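Derivation of every value follows stated rules applied to the coordinates shown; laboratory data play no part. All figures in this text were calculated on a predicted structure; none of them were measured in a lab. Heads up, the Cβs are rebuilt from the backbone with ideal geometry, glycines too, and the neighbour counts pull from every protein chain shown.
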Amino acid sequence: MGRNVTEKIIADHIVAGQMKPGEEIGLKIDQTLTQDATGTMVMLELEAMGLDHVQTEASAQYVDHNMIQVDHKNPDDHLFLQSAAHKFGFYYSKPGNGVSHPVHMQRLAKPGKTLLGSDSHTCANGCMGMLAMGAGGMDVAMAIAGEPFYVRMPQVWRIHLTGKMPDWVSAKDVIFELLRRHDVKGAVGRVIEYDGPGLDELTAMDRHVIANMGAELGATGTVFPSDKEIKRFLTSQGREEDWIPLTADKDATYDLEEELNLSELEPLIAKPSSPGNVVPVTEVAGTPIYQSYIGSSANPGYRDFAIAAEIVADQTVAANVSLDINPTSRQMLVQLVDASYVARFLSAGARLHQAGCNGCIGMGQAPASGRNSLRTTPRNFPGRSGTKEDSVFLCSPETAAASALTGVITDPRTLKMRPPTIKEPKQIAEDSLLEEPLPAEERKLIELEKGPNIASIPHMEVLPQDLEVPIFLKMGDNISTDEILAGGARVLPYRSNLPKISEFTFEIIDPTYYERTKGTPHAIVGGFNYGQGSSREHAALAPRFLGLQIALVKDFARIHWQNLVNFGILPITFADENDYDRLNQDDVLVIQNVREKITTGNEFFVTIKGKEEQILVRHAMSERQLEVMLAGGLINWVKVNKGTKA
């Protein structure tokens with residue numbers, strides 16, 4: 001029986017387990033990606049492990065999130081990351097080079113390889129015929145050290161593309177259509193694999209747009225074939241030798257199949273405050289906006305900027321609108337300058353920002369209170385923009401540019417102009433985006449540069465025999481890691497200072513949480529899809545530092561669930577979802593002999609103290625993860641099993 005692309009890559013990299021959906025498998029990781037919001041912790045973890053040199057084919061450290069330099073904290077951490085990259089043998093991308101995902105795609109991505117990144121949108125590189133996955137920093141650190149990455153064998157979900165995209169419709173509308181159909185949990189436990197004649201409509205960067213927001217569907221990854229378009233892209237980057245053909249066998253089978261006819265698409269938009277809240281643009285047309293933001297890893301391509309520049313050319317942005325242009329790489333910015341597109345933006349009244357994540361993660365470009373922001377970013381979770389009571393809509397560059405001219409959300413099909421035709425440059429000028437890894441003799445001389453804001457990871461206690469913990473928070477569905485621990489310019493500069501960053505934990509949900517915890521053992525209760533969004537391990541590490549021992553929810557988002565295990569927080573789910581209603585904040589949960597209970601079965605009872613009631617709960621940890629949990633987290637497990645020093 002033939003194999004699909006996903007199965008071919010997994011078969012080439014599997015080192016443990018069997019390729020049966022739902023079974024834990026171990027994968028050899030070829031490449032890793034870290035960025036500065038997560039990379040500082042990864043580098044500290046590598047130092048704790050005593051790593052000498054990266055054990056992957058290529059590992060890259062990018063600086064793309066924390067670039068606002070209002071004091072010493074961010075630049076100090078940049079120096080630390082650069083010194084760590086030099087010491088351990090990473091490629092290094094300095095501030096201003098651009099967002100990790102498109103830069104990695106341009107310079108390092110290779111068809112047929114596996115890529116693990118401490119950023120949930122690492123999956124964007126699946127556009128190149130890779131199996132690219134996001135994970136928590138500890139999992140990435142282990143992969144850098146040569147250990148397998150463990151994940152549940154996913155189902156493979158085929159999306160067969162047919163038809164031809166209508167005018168004013170683009171790649172963003174393709175992924176929006178899947179989010180409209182399936183919402184933010186639609187691809188949990190699955191890899192989405194695209195094929196069909198509709199692929200001819202999509203450039204490599206168009207595929208990046210689609211693969212990027214597979215994370216918003218909850219997918220383990222998104223995979224495209226490596227075809228003539230990927231060869232064209234690599235050739236344009238001067239990397240044709242990195243191309244290999246990789247397509248599904250003609251008799252390949254899939255766990256699920258669905259067709260998407262591109263001809264039937266129309267401009268779509270995600271309303272506040274979820275990427276899954278998708279409707280046609282016509283449904284909200286006329287809604288006033290304050291901001292229109294173009295860029296981010298969710299629309300990083302030359303075409304994404306060029307078509308917007310063509311739309312606003314020789315016109316003026318509405319007086320009440322801030323049109324924010326966020327180039328995604330230095331390479332892309334040079335191309336746009338050469339083609340005079342930057343001049344067109346500026347002449348129309350746009351604001352040009354440095355190449356990086358910027359407003360997507362709340363680092364600048366925060367919208368005004370009570371005003372609507374229109375963005376081509378991948379997420380619109382509450383408060384992610386940097387404004388607490390924000391109202392963020394997600395859309396395509398066409399819709400963003402059209403709306404910037406009118407001052408209200410506008411269907412681009414209503415513009416009195418012909419749809420622009422964009423031709424990408426055939427050849428990209430050579431660049432020096434990445435510093436190459438240093439030779440071994442030079443690495444030995446490098447000392448890590450640690451500024452005063454860098455604090456070591458504290459010791460984590462092992463899981464106790466008995467637990468008796470109050471519920472400090474009870475939350476609803478779709479709680480994101482942005483709500484557990486916010487990003488933005490106020491919080492992220494403390495990403496290497498756990499005691500300080502923990503002060504912001506759950507503040508969006510309950511500003512009293514930090515003052516009520518401060519090391520007190522406790523539990524939280526949540527609904528469906530708990531921990532969706534960013535892969536930031538701080539959303540597990542900071543609550544753990546404050547005493548969180550149990551997370552009891554209806555179900556978990558994949559990456560956050562893994563992060564909870566990695567830091568010794570017991571992740572359990574309700575056997576009967578209706579039992580969620582039996583619990584109240586401040587109830588006390590009691591589990592006697594918890595170490596034996598989790599290792600002798602995946603179901604056990606939790607007692608509600610004082611009510612003489614019991615609730616049946618489950619865990620989904622593998623034998624390997626149970627060892628980690630009993631040790632109090634992956635750092636403790638590594639110390640015991642790898643013989644390294646703390």
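Under the combined filter of DSSP loop state and at most 16 neighbouring Cβ atoms within 10 Å, the stretch 447-551 retains these trypsin sites (Lys or Arg not before Pro): Arg490, Lys518.
Roughly what % of DSSP beta bridges within the chain run antiparallel, to the nearest 5? Around 35 percent antiparallel, to the nearest 5.
Divide, for the stretch 531-638, the radius of gyration over alpha carbons by 2.2 N^0.38 Å, where N is the residue count.
The reported ratio for this selection is 1.05.
Taking the Cα centre of the chain as origin and assigning +1 to Lys and Arg Cβ atoms and -1 to Asp and Glu Cβ atoms, the resulting dipole is close to 700 debye. Pairs from the table (Lys28/Lys228; Lys172/Lys416; Lys113/Lys554) lying more than 31 angstrom apart at Cα are Lys113/Lys554.
So for each of 72-78, 60-66 I average, over its residues, the number of other beta carbons within 10 Å; can you give me the resulting order with the highest mean first? Don't jump to the answer; show the numbers that get you there.
On the way: 72-78: 20.0, 60-66: 28.6.
Those peptides, ordered most packed to least, come out 60-66, 72-78.
Legend: ranking of residues Thr56, Thr410, Thr235 from fewest to most surrounding C-beta atoms inside 10 Å; resulting order Thr235, Thr56, Thr410.
Ordering of 20-30, 524-534 by packing is 524-534, 20-30, highest average first (other Cβ atoms within 10 Å, averaged per residue). Assuming charge only on the beta carbon of Lys and Arg (+1) and of Asp and Glu (-1), the dipole of the stretch 240-291 about its Cα centre is about 580 debye to the nearest 20.
Using the number of other C-beta atoms within 10 angstrom as an exposure proxy, rank Met153, Met128 with the fewest first. Write out the running numbers ahead of the final one.
Working: Met153 21, Met128 29.
With the fewest neighbours first, Met153, Met128 line up as Met153, Met128.
The residue list Ala343, Pro245, Ile325 was ranked by how far each Cα lies along the charge dipole of the chain toward its positive end, using unit charges on Cβ atoms, and Ala343 comes out on top. Which net charge results when you count Lys and Arg as +1 and Asp and Glu as -1 among the other residues whose beta-carbon is under 15 Å from that of Glu283? Charge balance near Glu283 sits at -1. Of the trypsin sites (Lys or Arg not before Pro) found in the stretch 341-424, those in coil by DSSP whose Cβ has at most 14 other Cβ atoms within 10 Å are Lys388, Lys416, Lys423.
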